[in-house]
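*Asks:* The following block contains the structure, expressed as structure tokens.
The values are calculated or read from the model by the stated rules, or taken from the named source; none is laboratory data. The structure displayed is predicted, hence computed values, not measured ones. Cβ coordinates were reconstructed from backbone atoms using ideal geometry, including for glycine residues, and neighbour counts include every protein chain displayed.
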Amino acid sequence: MTADHPAPPASLEGVSRGAGPGSASIRIFTSMDEAEAMWRAAERSLIHTAFQTYEWLATWVETLGTEVAITPLIVLVEEGERPVMLIPLGRAKRRGIATITFLGGEVTDYHAPLVAADWQDRLAPAGFAPLWTRILAALPRADLLRLGQMPEDILGVPNPFASLPGARPSDVALSLRLPANVEDFRRGLRSNLASDTRRKRRRLAEIGAVEHAVARTPEEMSAAVAAMADRKSRRFLETTGKDPFARPAFRAFYDRMSQRVPGDGAVQASVLRVGGEVVAAHWGVVHRGRFYYLMIGWSAGEWFRYSVGRILIDALIAAAIEDRLEVFDLTIGDEAYKSDWANERLTLLALNLALSPAGRVVLAAEAARHALRERAKRVQWLRALVRRLAGRKPLTDGG
């Protein structure tokens, strides 16, 4: 495969790609509009997370997808007229290197296909690998395949990509299986966490009425999104030196997703107020009995010592229990504060493959850079050199 292979045709919709194991057929759609009716129908029967809904990925394609000029490659696998899988891929080209990846980019915590609960039985005995070989052959040529943040199972159903050679653990996600009532939830917390949270909430109440308010109108939604983004921007700058909300497409994703028609998979935005002042805000999604905790921001200054972010998380979990949801999904990352709340752990996988000689050069260069960084962590002068070449300040003696 070569990097200068022509781009895909305007549409491959309706094209079946060859015979293979079992009776599965493959169709590929190259636009979200063409795929919409099929996709929405597939959502009704296939297992998926909130990140694989048409609403989520169509919003991403029309906002952040424009930054990378991605062409959707939506793969529908059918057995007869029954969908078995829908795989939301895309192809983008940067610096002459064409890459196939999942749609959804940086705002999507779980990248995965939509799958039938019995996909293994329906593809047996051949399994997924021969079908994946057929899919790769049907896709437009590319140099790299990059698939990351793939859950090893999709809401209890094995992820077909987890069985492919080269799929390796890359991260974890944490979640909380919700109890029947708020009292049981709080009894299950570490005693010092529960007591400190109660104490700080009492201290906040001495300042003013403490209120957790969920946005119910478009105006309230816009205000809650703005409150979250403003506070999250400050935190991004403090921790990474970069604010993704400064990118118009990044902010547009959250604004547009927030104004989609409510329903299953709808955004929930809320704020924590103390004495009428917003001190923290959260943006997440509720989908099929699962609350996805995604973006939280809190006020700095005097509010920091009251742990207002933690107070808001506690309120979010309590509200999810009262709404009779099943899982509070803290999503990707095993930060210490998430471990305070979680009781379930999910391994996330990555699969990076070279599909051309140019792709092999790219992956080899990345492996060399990774090895250099690992060595630099152990060799002080080399670590200083790497930081200087990256334009970063040298480390002090204290590290």
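Yes/no matrix, rows are residues, columns are (1) assigned to a strand (DSSP E or B); (2) more than 17 Å from Asp109 (Cβ to Cβ); (3) in contact (Cβ under 8 Å) with a residue 24 or more places away in the chain:
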residue: Phe291; (1), (2), (3): yes, no, yes
residue: Phe304; (1), (2), (3): no, yes, no
residue: Asp314; (1), (2), (3): no, yes, yes
residue: Leu330; (1), (2), (3): yes, no, yes
residue: Asp334; (1), (2), (3): no, no, yes
residue: Leu349; (1), (2), (3): yes, no, yes
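*Asks:* Which residues, taken from region 153-174, are part of a strand (DSSP E or B), over 14 Å from the mean Cα position of the chain (by Cα) and either buried (at least 21 other Cβ atoms within 10 Å of the Cβ) or of a type in the set (Asp, Glu) (or both)?
*Replies:* The answer is Asp153, and nothing else.
*Asks:* If you go through region 331-341, how many residues are crowded, with 17+ Cβ neighbours inside 10 Å and among the hydrophobic types (A, V, I, L, M, F, W, C)?
*Replies:* Total satisfying the criteria: 2.
*Asks:* So which residues in region 154-197 are more than 18 Å from Glu335 (Cβ to Cβ) and of a type in the set (Val, Ile, Thr)?
*Replies:* Passing the criteria: Ile154, Val157, Val182.
*Asks:* Taking only region 189-207 into account, find how many residues are surrounded by 13 or more Cβ atoms within 10 Å (Cβ to Cβ), of a type outside the set (A, V, I, L, M) and either outside any helix (DSSP H, G or I) or touching a Gly at 6+ places or on another chain (Cβ under 6 Å) (or both).
*Replies:* The total comes to 0.
*Asks:* Taking only region 105-130 into account, find how many residues are farther than 21 Å from Gly156 by Cα and at pLDDT 95 or above.
*Replies:* Number satisfying all stated conditions: 3.
*Asks:* Being in contact (Cβ under 8 Å) with a residue 60 or more places away in the chain and of a type outside the set (Lys, Arg) is true for just one of Leu86, Leu103, Leu76, Leu144. Which residue is that?
*Replies:* Step by step, each of Leu86, Leu103, Leu76, Leu144 is checked, and only Leu144 is in contact (Cβ under 8 Å) with a residue 60 or more places away in the chain and of a type outside the set (Lys, Arg).
*Asks:* Do we have any residue at all in region 29-39 that's free of Cβ contacts under 8 Å to residues at least 24 places away in the same chain, of a type in the set (A, V, I, L, M) and either part of a helix (DSSP H, G or I) or buried (at least 21 other Cβ atoms within 10 Å of the Cβ) (or both)?
*Replies:* Yes: one or more hits.
*Asks:* Counting just the residues of region 219-259 that are out of contact with any helix residue (DSSP H, G or I) (no Cβ under 6 Å at 6 or more places or on another chain), among the small types (Gly, Ala, Ser) and within 16 Å of Glu106 (Cβ to Cβ), which one comes out surrounded by the fewest Cβ atoms within 10 Å (Cβ to Cβ)?
*Replies:* Ala246
*Asks:* What pairs come up if the first residue lies in region 193-206 and is free of Cβ contacts under 8 Å to residues at least 60 places away in the same chain, the second is surrounded by 14 or more Cβ atoms within 10 Å (Cβ to Cβ) and part of a helix (DSSP H, G or I), and their beta carbons are under 8 Å apart, counting only those six or more places apart or on different chains?
*Replies:* Close Cβ pairs (under 8 Å, with a partner that is surrounded by 14 or more Cβ atoms within 10 Å (Cβ to Cβ) and part of a helix (DSSP H, G or I)) amount to Ala194/Arg186.
*Asks:* Which of (1) under 22 Å from Phe51 (Cβ atoms); (2) modelled with pLDDT under 95 is the odd one out, the single condition Ser339 does not satisfy?
*Replies:* Unmet for Ser339, out of (1) under 22 Å from Phe51 (Cβ atoms); (2) modelled with pLDDT under 95: (1).
*Asks:* For residues that are acidic (Asp, Glu) and within 26 Å of the chain's Cα centre (by Cα), scanning just region 109-152, find the one that is surrounded by the fewest Cβ atoms within 10 Å (Cβ to Cβ).
*Replies:* Asp118
*Asks:* Among the residues of region 91-133, which ones are closer than 19 Å to Leu64 by Cβ and of a type in the set (Asp, Glu)?
*Replies:* Glu106, Asp109
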